[in-house]
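The next block holds one structure in the form of structure tokens; read it before the comments.
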């Protein structure tokens, strides 16, 4: 009798489990492809773990809320050691391709390498369905920026560029001044910076393999750039001033500064660009010619069609190397323009007044409105930041967990749908600089700088329409294994 009861009970339990299993549906089925429950930890990896990469992955961990499963860096002997110590359970790699192919449980990656590796790493990750956070500028050239933007849509992954000031709530003050018509129609924008603050406009250091740090994988550091022996003073920071690796002053802070007018004025692809650059004379009457490197200073004018936010065409001027625009009459002579000591800034000039702001990274935005009738409106000069970098990385993580096209995703301030066209505008300035340096030898020591003209741009087709030679800078040549 006892055995009979036990048998009946076992049958009842089996039937109950079978019936109840019909009601158990995996979370990925409920939420669709790529869905991760908000209560779960995201598995995140870093590509570039030192310097800015260290703070990016730290902020993406949201104080340990998320799981950091892997760290990639070409040199763990430097600043990346701090990140390894912070995340001791993370697996270590020197090649992001091996990391992403072997570590299949990665959901998202932060990419904080030198500029020339941003797009190859980003494309490799998105092709495998990973959400990506890429430091500014999101790409090294215009074609890469367009491809990243299109790949994010195709793969339905959540993206964010690392111009953290885009998440600064004080931008709403600037937006309100424009949307309410306080400054009237805007036709002129002036932007400037004290960058470069690294060696630039000088000769490339000579290669010297004997000086290579033992822990540095130089071949992987080169990535898509042409093969060459180890060159001192490139890694970890001074690469910024060389076109093979960096994007100069524009790439460093253009995505912080140009973001302000591009966003608040609703700008689209530019229509034209022209520039001039500072010269260095090591000998009389003959300027140094160093086309492999960014110039010591530049002045760039970029043109835009009228927008819904401003009904007149807009001319944006960018100057770097410490060259800044003249002080507007309606701003008191003893007041800074832009940020502290007028070192970096943006002036949005309308028919009724001027908006002045600082660089919008993690510095205080310092928004100021000066109207022609003498009235003013100022934002705070000291900002309260309740979480690191305005929560820029944390918001991306939350959007990854909510899923592609969720309200969290749509509320991101620098997803690639926005950051792509804005980055293309930043990189248009570099296209103008590199074109400016094109020349032909004419014999007898004479040269013709044939590209020093206004360049007309077809943004939809990514093409300079009046100078074919300039289109070589829309893209680059890639080493095998790193092609985009």
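The values are calculated or read from the model by the stated rules, or taken from the named source; none is laboratory data. These numbers come from a predicted model, not from an experiment. Cβ: placed from backbone, ideal geometry, glycine included. Neighbour counts: every protein chain shown.
Tabulated results
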item	result
Qualifying residue in the stretch 467-478 (condition: over 30 Å from residue 95 (Cα atoms) and part of a loop (DSSP other than H, G, I, E, B))	yes
Verdict on residue 267 being without any contact (Cβ under 8 Å) to a residue 60 or more places away in the chain and touching a strand residue (DSSP E or B) at 6+ places or on another chain (Cβ under 7 Å)	no
Filter result for the condition that a residue is touching a residue at least 40 places away in the same chain (Cβ under 8 Å) and more than 25 Å from residue 357 (Cβ to Cβ), over 261, 287, 295	295
Sole residue being at pLDDT below 95, surrounded by fewer than 23 Cβ atoms within 10 Å (Cβ to Cβ) and closer than 17 Å to residue 44 by Cα, chosen from 86, 104	104
Single unsatisfied condition, residue 447 versus (1) touching a strand residue (DSSP E or B) at 6+ places or on another chain (Cβ under 7 Å); (2) more than 23 Å from residue 257 (Cα to Cα); (3) assigned to a loop (DSSP other than H, G, I, E, B)	(3)
In the stretch 325-349, the residues that are under 14 Å from residue 299 (Cα atoms) and either out of contact with any strand residue (DSSP E or B) (no Cβ under 6 Å at 6 or more places or on another chain) or surrounded by 20 or more Cβ atoms within 10 Å (Cβ to Cβ) (or both)	326
Given (1) in contact with a strand residue (DSSP E or B) (Cβ under 9 Å, 6 or more places away or on another chain); (2) within 24 Å of residue 163 (Cα to Cα); (3) in a loop (DSSP other than H, G, I, E, B), number of the condition residue 105 does not satisfy	(2)
Conditions (1) under 18 Å from residue 416 (Cα atoms); (2) surrounded by fewer than 24 Cβ atoms within 10 Å (Cβ to Cβ); (3) free of Cβ contacts under 8 Å to residues at least 60 places away in the same chain; number of the one not met by residue 123	(3)
Candidates 201, 165 - the one that is closer than 22 Å to residue 347 by Cβ, in contact (Cβ under 8 Å) with a residue 60 or more places away in the chain and in contact with a helix residue (DSSP H, G or I) (Cβ under 8 Å, 6 or more places away or on another chain)	165
